[in-house]
Amino acid sequence: MNLAFWKNNKDKQPKKKKSVAREWLDAGIFAIIAATLIRTFIFEAYTIPTPSMEKTLLVNDFLFVSKISYGPRIPMTPLAVPFVHHTMPLTKNTPAYSEAVQWKYRRLPGLSDVKRYDVVVFNFPEGDTVALDAADPSYYRMVRQFGWSEVNNNYKVIHRPVDKRENYIKRCMAEAGDTIRIVHGQVFINGQAAPVPAGSQHRYMIETTGDALNPTRMEEMGITGPDATIDASHYVYNLTPEQAAALKQFPVVKSLVVFEEANINVNFDYNDIFPHDTTHFHWTEENFGPLYIPKKGATVKLDDSNIALYDRVIRVYEGNTLERKDGKFIINGQATDSYTFKMNYYWMMGDNRNNSLDSRYWGFVPEDHVVGKAWMIWMSYGEGGIRWSRLFRTIK
């Protein structure tokens, strides 16, 4: 290395020209570093894989997710292959990262905090990821009831760090410090009815006079189905608010109400629903709560009737020991009847309310799991090709 770089070059010799291969290598390294910094700290591309947010977001919508909205999260697992989330391409379970170095959760300042009704991308909070085949009839049952983390001899459990877990996208229906309640499908936040997203869908029970609904008119309205036929005059359809309002005006429609599975399913399993404690809670996806969403610095009283709500927060998300001994709760070796939260938490729900595995099944999303805010659709395609009307649409 020439330490006298400030001295004049007396011989006026030209600098050695780089080879073409070296120029390409330098350009490639620069591109990888620049793209990695952009992906980590500014925005990242994301694809909608499931219909849980329809019709707000459709399968095969390609999004930009803003990292600066809530502040970029410093990588907790820094040793990773660039541009790969958690698994090497063309392999099933080969990790694309190393856990040799693990950093604590830190986040740079952002434009705002997570707000109610934001569409948010986050790492799946229930814990471990189970390698399952979605075609297996027990797949969704296990996801709902055991939250991915149940060890079963028939399935392989893959343990991943927080920032390498699956990416999910849902709408934040309640922020830290809120109290959420769902009554006959209507969400209430702090006692006030929450706005219903225009593109959201809900299952409705439609009672007719016995005459058939006009299939041509239904097709014109974009209504498919029915999802279920109960009898000759009762049908279940998945509808947007606009479609539901229009169907109410049909002469053959006697009534249209939110469909509640628990009302007709005598075998409804309340253990599927968070907090999976059927002794104290008989909540359903349509009738849920009230439930307080933990806020950093807030303190809750603990007893046998509510410990199931905050058990995972205390043990897993915030890293404490928790046991029940001699009728008392012991946290980190100290007897207590209360707990003060160390992080903010959020309640996430899909806009396609009856086709979404969300907080109603696995509970709170900790702030250290938040990836970013869904910002804009930059590409979208379906069976008919590119959906031109959706391109460059901002997400609300």
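A few comments on the model shown:
- Note on region 77-122: among residues that are closer than 27 Å to MET173 by Cα, charged (D, E, K, R) and assigned to a loop (DSSP other than H, G, I, E, B), the one that is nearest to the chain's Cα centre (by Cα) is ASP118.
- Per this entry, GLY319 is counted among residues that are assigned to a loop (DSSP other than H, G, I, E, B), farther than 27 Å from TYR270 by Cβ, modelled with pLDDT under 95 and not hydrophobic (A, V, I, L, M, F, W, C).
- Annotation: of all residues in region 340-357 being among the charged types (D, E, K, R) and crowded, with 22+ Cβ neighbours inside 10 Å, the one that is nearest to the chain's Cα centre (by Cα) is ASP351.
- Total residues in region 224-235, condition surrounded by 14 or more Cβ atoms within 10 Å (Cβ to Cβ), more than 26 Å from the chain's Cα centre (by Cα), at negative phi and not polar (S, T, N, Q): 5
- Residue within region 147-154 that is out of contact with any helix residue (DSSP H, G or I) (no Cβ under 6 Å at 6 or more places or on another chain), under 22 Å from ILE48 (Cβ atoms), at pLDDT below 90 and among the aromatic types (Phe, Trp, Tyr) present: yes
- The lone exception for THR279 - which of (1) under 30 Å from PHE341 (Cα atoms); (2) without any contact (Cβ under 8 Å) to a residue 12 or more places away in the chain; (3) assigned to a helix (DSSP H, G or I) it fails: (3)
- Evaluating ALA45 against the criteria (1) of a type in the set (A, V, I, L, M); (2) surrounded by 16 or more Cβ atoms within 10 Å (Cβ to Cβ); (3) under 16 Å from the mean Cα position of the chain (by Cα) leaves one unmet condition, (2).
- Which listed residue, of ALA308, ALA374, ALA298, is buried (at least 21 other Cβ atoms within 10 Å of the Cβ) and not aromatic (Phe, Trp, Tyr): ALA374
- The condition of being of a type outside the set (Phe, Trp, Tyr) and closer than 30 Å to ASP368 by Cβ holds for only one of LYS296, LYS254, that being LYS296.
- Enumeration of residues in region 63-79 that are surrounded by 14 or more Cβ atoms within 10 Å (Cβ to Cβ) and over 18 Å from VAL121 (Cβ atoms): PRO78
To keep it simple, each residue is scored yes or no on (1) under 25 Å from ARG315 (Cα atoms); (2) touching a helix residue (DSSP H, G or I) at 6+ places or on another chain (Cβ under 9 Å); (3) modelled with pLDDT of 50 or more.
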{"residue": "LYS92", "(1), (2), (3)": "no, no, yes"}
{"residue": "ARG116", "(1), (2), (3)": "no, no, yes"}
{"residue": "VAL120", "(1), (2), (3)": "yes, no, yes"}
{"residue": "ARG160", "(1), (2), (3)": "yes, no, yes"}
{"residue": "ASP163", "(1), (2), (3)": "yes, yes, yes"}
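- Test: residue in region 289-296 that is in a loop (DSSP other than H, G, I, E, B), at pLDDT 95 or above and not basic (Lys, Arg): yes
- Whichever residue in region 366-396 is in a loop (DSSP other than H, G, I, E, B) and without any contact (Cβ under 8 Å) to a residue 60 or more places away in the chain and, among such residues, is nearest to LYS104 (Cα to Cα): PHE392
- Restricting attention to region 273-310 and to residues that are more than 19 Å from MET348 (Cβ to Cβ) and among the acidic types (Asp, Glu), the residue that is nearest to the chain's Cα centre (by Cα) turns out to be ASP277.
- When region 255-272 is limited to residues that are in a loop (DSSP other than H, G, I, E, B) and over 18 Å from PHE188 (Cβ atoms), the one that is farthest from the chain's Cα centre (by Cα) turns out to be VAL266.
- Listing of strands (runs of 3 or more DSSP E) fully contained in region 177-254 that carry 2 or more residues being closer than 27 Å to LYS115 by Cβ: 179-183, 186-189
The values are calculated or read from the model by the stated rules, or taken from the named source; none is laboratory data. These numbers come from a predicted model, not from an experiment. Note that we place each Cβ from the backbone using ideal geometry, even for glycine, and neighbour counts take in every protein chain shown.
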